[in-house]
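Here it is, the structure, as structure tokens.
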Amino acid sequence: MTTFSNILQQFYIESPERVSVILQYPTQDDESLSYKALLDGANAYAQTYAQKGIGQGEVVVLILQHGKDLLYAFWGAILHGAIPSIMPFLTEKLSPERYRADLASLVSVTKPVAIVTYPEFEDNVRDALQDGDSVRDVIVSDQVGDASRPDFNLLGGARHLAEDVVLLQHSSGTTGLQKGVALSHQAVLNQLEAYGDSIQVDTEKDVIVSWLPLYHDMGLIASFLLPILSGIPLVLISPFDWVRAPYKLMQSVSKYKGTLTWLPNFAYVFCARKIRGRHIEGVDLSSWRVIINCSEPVRWESHQAFYEAFKDYGLKLEALQTSYAMAENTFSVTQSDLCCPPAVDEIDAELFVKERLAQPPTNGATAMTMMSSGKPISNTSVRVLDVDGNDVPERVIGEIALQSNCMLNGYFNRPDITEKAFKDGWYITGDYGYYADGELYVSGRKKEMIIVGGKNIYPQDIETLVYEVPGVHAGRAVAFGIYDERSGTEEVVVVAESELTDEAAQFKLADDVRKHVTINSAVALRYVKIVPAKWIIKTSSGKAARTGNKEKYLEEIAI
Amino acid sequence: MTEIISTLKEFIADEILKQAGRAIAADEALISSGLIDSFSLMDLALFVEDTFDVRIEDTELNADTFDSLEELAELIQSRQ
């Protein structure tokens, strides 16, 4: 059985000078790292972890930004046999107090023994720690020694078994940070094999170009582990740089003859709307063979906008593809067939809402355009189930369940929620969908998670923040997501009850809510509605019914 | 200068914050406060380019270059 260490050792011995990663920076020249450079740098971290007495299977949290240190610290943990987990870095808008609280909540469940960060961020990390918690060391990047040749057989990673946990992946917010997806070597490698086949990877010709953050499964698995463990060169752009200069993605694809990229749906719209001709003069996108839309609901309109914007630069229509993926299956569950654009299905909107059926519209009925996420990849079985757990026929909407040889080992240190996630050996996704002609269409969510620009946001975390605002009472606010055509993703909406009747006072309260949520969460909150007491619909158990309140909100704003 | 500020204010309130008529003080922090998120910064930069015929480089889209209406208006004026 193979582990990450075995694969890295093989690259190191057989093709040390092969290009592994090309790092791009906002103002400096690109930096190319061979496998030898990558693993020598990683070994410096592995030696540091060893000196600090970090043991096999102990967790190391990495709080580092785009750059060599993040790469070395991650692969160093793998070489050493520790379990790396990448935590998002503090952003300009986020309150440092909340960041420390989030870190403390990660520490409380994941129990890392060390945290790696920059010297200038060390105080922030130390302030989040408490006496008696699991963290023994804060490792500062400038204390790590020089790059050196790794002795693979002596490193702890060599003693890992294929079924051992190799890494953790978290989503954001208090809830997400307390739910680390633990993946084994075997699960990741099974995923890479099956998924690699479905996208026909060619290690001699492919070049992956990505701006995705590495704490996210699409960034970490498809756009980081897949290239590095398969021997495909990876061109890595900083996510912060891309947001300010989205055209750099096109320039990089053109410069390095990029062939493969993964993007969340909003990025198609973002690129189409914000990239100007003067930024991409002379750019050639004809090498781009597959661009995969994944990690939030896929929209045909977004593909159209992207294609229209870049077809004159050599972009091929059939390059635009889709996948349905989740961290619990390591990454991909389904993938569209690369032969042609993903199937598009026109369905009757009323039957969809009222009868949970996906049927072609009858005379004059309002139609909805659905885009296929493709077929299950070879190692994954996908079922669509009714409430009793029976398979539903084609074109009937049900809950998506899956089984594979690349499932998570469990939510780290959370046997309680791991057990609840499965039913009769099937992982119950919480997503709704239907099959038509053997293709899976993902049509909605049972779980109340909101997906903003590919990031999973738990509404309960947002509501907890809203309750902290003076003037809002606990239990008197509700958060949900609505799809915004213009941005191609969901926007978070907060509805909060208040006794205030004066309009100016209501505006002020709405503003306080916006600001508090924005600086304390991963989202920038815009839509806040202040309503009178008893507006919010409650369930029989007294909780706010998010779906019912969303419908009520949409009805009111439509008037 | 006042005119630039009021044009910017209107765009930010209507298009970015989706709250037409919202008051924004000339010295109110926009970026460091999270009022304008990174995705919307691009919109603002494109609007500035089209409306005032000046260029803002992508490396300048941060709170160090401008964080308030006043500072952005000054930047625009200095380049016109």
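What follows draws every value from the coordinates through simple rules; no lab data is involved. This structure is a prediction, so every number in the text was calculated from the model and none was measured. Counting neighbours? That spans all protein chains shown, and the Cβs are built from the backbone with ideal geometry, glycine included.
Using Cα positions and a limit of under 14 Å, work out the aspartates and glutamates in reach of A:Lys316, with same-chain residues fewer than 8 apart set aside.
In chain and number order, the partners are A:Asp284, A:Glu308.
Normalising by the residue count of the range A:210-264, find the relative contact order in percent from Cα pairs under 8 Å and 6+ residues apart. Intermediate results must be reported in sequence, preceding the final value.
Working: 46 pairs, mean separation 21.0, N = 55.
Reported as a whole number, the value is 38 percent.
For A:Ile13 and A:Leu385, calculate 0.36 nm times their separation in residues minus their Cα-Cα distance, and state this gained length in nm to one decimal.
129.1 nm
Among all stretches of chain B without exposed trypsin sites (Lys or Arg not before Pro) (DSSP loop, at most 14 other Cβ atoms within 10 Å), which one is longest?
B:19-54
Filter the GluC sites (Glu not before Pro) in the range B:1-69 to those in DSSP coil with at most 12 other Cβ atoms within 10 Å of their Cβ, and list the result. All intermediate terms of the calculation are to be shown ahead of the outcome.
On the way: sites: B:Glu3, B:Glu10, B:Glu15, B:Glu28, B:Glu49, B:Glu57, B:Glu60; in loops: B:Glu28, B:Glu57.
Passing both the DSSP loop test and the Cβ count: B:Glu57.
Can you grab the distance from the C-alpha centre of the range A:424-484 to the C-alpha centre of the range A:155-199, Å, no decimals?
Centre-to-centre (Cα) distance: 24 Å.
I've got another one for you. Can you give the local net charge around A:Tyr12? Use residues other than it whose beta-carbon is closer than 13 angstrom to its beta-carbon, Lys and Arg +1, Asp and Glu -1.
Values: positive: A:Arg18, A:Lys36, A:Arg149; negative: A:Glu14, A:Glu17, A:Asp40, A:Asp151.
Neighbourhood net charge equals -1.
Over the whole of A:41-50, what's the average partner chain Cβ count within 10 Å per residue? Rounded to a whole number, please.
Working: counts 0, 0, 0, 0, 0, 0, 0, 0, 0, 0.
The shielding value for this peptide is 0.
Also, I was wondering about something else. How big is the gap, in Å, between the Cα center of the range A:60-77 and the Cα center of the range B:8-59?
Here the answer is 34 Å between Cα centres.
For chain B, modelled as a GNM with alpha-carbon contacts under 10 angstrom, which of B:Phe52, B:Phe11, B:Phe39 fluctuates the most?
Among B:Phe52, B:Phe11, B:Phe39, the largest GNM mean-square fluctuation belongs to B:Phe39.
Another question, then. Considering amide H positions built from the backbone, and no H for Pro or chain starts, which residues 5 or more places from A:Lys423, or on another chain, come under 5 Å of its amide H?
Sorted by chain and number, the residues that satisfy this are A:Ile428.
Within chain A, which is the longest segment containing none of the GluC sites (Glu not before Pro) that sit in a DSSP loop and have at most 11 other Cβ atoms within 10 Å?
With GluC sites (Glu not before Pro) excluded where exposed in loops, chain A gives A:282-484 as its longest stretch.
How high is the relative contact order of chain A, in percent, counting Cα pairs under 8 Å that sit 6 or more residues apart?
Once normalised by length, the contact order is 11 percent.
If you don't mind, another one. Return the calculated 222 nm mean residue ellipticity for the protein assembly as shown, to the nearest 500 deg cm²/dmol, obtained by summing -39500 (n - 2.57) across DSSP H runs with n ≥ 4 and dividing by the residue count.
-10000 deg cm²/dmol
Can you give me the relative contact order of chain B as a percent, contacts being Cα pairs under 8 Å and 6 or more apart?
36 percent
Using the membrane-span-like helix rule (whole DSSP H runs, Cα extent along the own axis of at least 27 Å, mean Kyte-Doolittle hydropathy at least -1.0), which helices of chain A qualify?
Membrane-span-like by this rule: not one helix.
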